[in-house]
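Report on the structure given below.
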Amino acid sequence: MYEREIEALKKLYLFREVPASALAELCMLAPPVRHKRGDVVFREGERADAALLVVEGRLQAQIETEDGPHAVGEVHTGEIVGEQALFSFGGLRNATVIAMEDVSALLITPDAIHSGARNPAIIALELQLIGTLTRRIRKINRAIQKIWHDHPTGDRPESGQSPVRHRLAKLFSGLARRSR
C-alpha cells in the first residue's frame, strides 16, 4: 500500500534520509490527495483545517482584489501550503490555491503532526515547514522595506505617536484599501 507515493516521497530532498517505513506511516497519517489542473484546492475565507505537502505538481496562491484575482505566489514540489492550519485553530484561508498542473500531495492535519511526532518523516516535514516560514517572513520583510522606501508618508505623526508606528499605520491602511 502507498508504494507509488513512497517512491515519489523518496525523490524529495526533505526525505532524503528518511526510511521507507517512516514514509509509509506518513502516508497513513497524512493521506495522499490528487488535484487536476484548474482545481481549486483551498478557497480564500474558508476554514483552514489542513495543509498540503506538494509531492508532484505546482499550485498558485491568489488573493481576491477589486480588480479580480491577483497571483501572490507559487507552490512547487516539496513545498508546503496552507500551513496556518497547523498553528491557528479556527483560522480562515488567506488565499485561494489553484492547481496549475496535476498535483499529488499529502493532506497534513494538526492531528497528523501530533500523532507522528517521533516519526522521522514528520520531523523532516517540520524542519521543511520552519524553512518555508522563514523564507516567507524574509520575503514579506523585503516587500515591506521596498514599500516603505518607495512610498514615504511625507506627513507628520500625531502628537505622542512614534514615527515608526505612524509610517506602519499609513502603510498598512494603504494596503488594506488597495486589496478591497
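What follows draws every value from the coordinates through simple rules; no lab data is involved. Predicted model only: the values in this text are computed from it and were never measured. All Cβ positions, glycine included, derive from the backbone under ideal geometry; neighbour counts span all protein chains shown.
Label positions at Asp67 and Thr132, each projected 7 Å from the Cα along the C-beta direction, are separated by 2.9 nm. Backbone amide hydrogens, once placed in the peptide plane, bring Gly73 within less than 5 Å of Ala61, excluding anything fewer than 5 places away on its chain. Taken over the alpha carbons of the range 1-125 as equal point scatterers, the Debye sum produces base-10 log I(q)/I(0) values at 0.14 Å⁻¹ of -0.58.
Evaluated at 37 °C with a viscosity of 0.692 mPa s, what Stokes-Einstein diffusion coefficient in µm²/s does the range 73-153 have when Rh comes from the Kirkwood expression over alpha-carbon pairs? Reported coefficient: 220 µm²/s. Starting from the Cα of Lys10, move 7 Å in the Cα-to-Cβ direction to define the label point; list residues of the range 109-133 whose amide nitrogen is under 16 Å from there. Zone members listed by number: 121.
Let me have the relative contact order for the range 15-96, percent, based on Cα pairs under 8 Å that are six or more residues apart.
Working: 114 pairs, mean separation 28.7, N = 82.
Relative contact order, the range 15-96: 35 percent.
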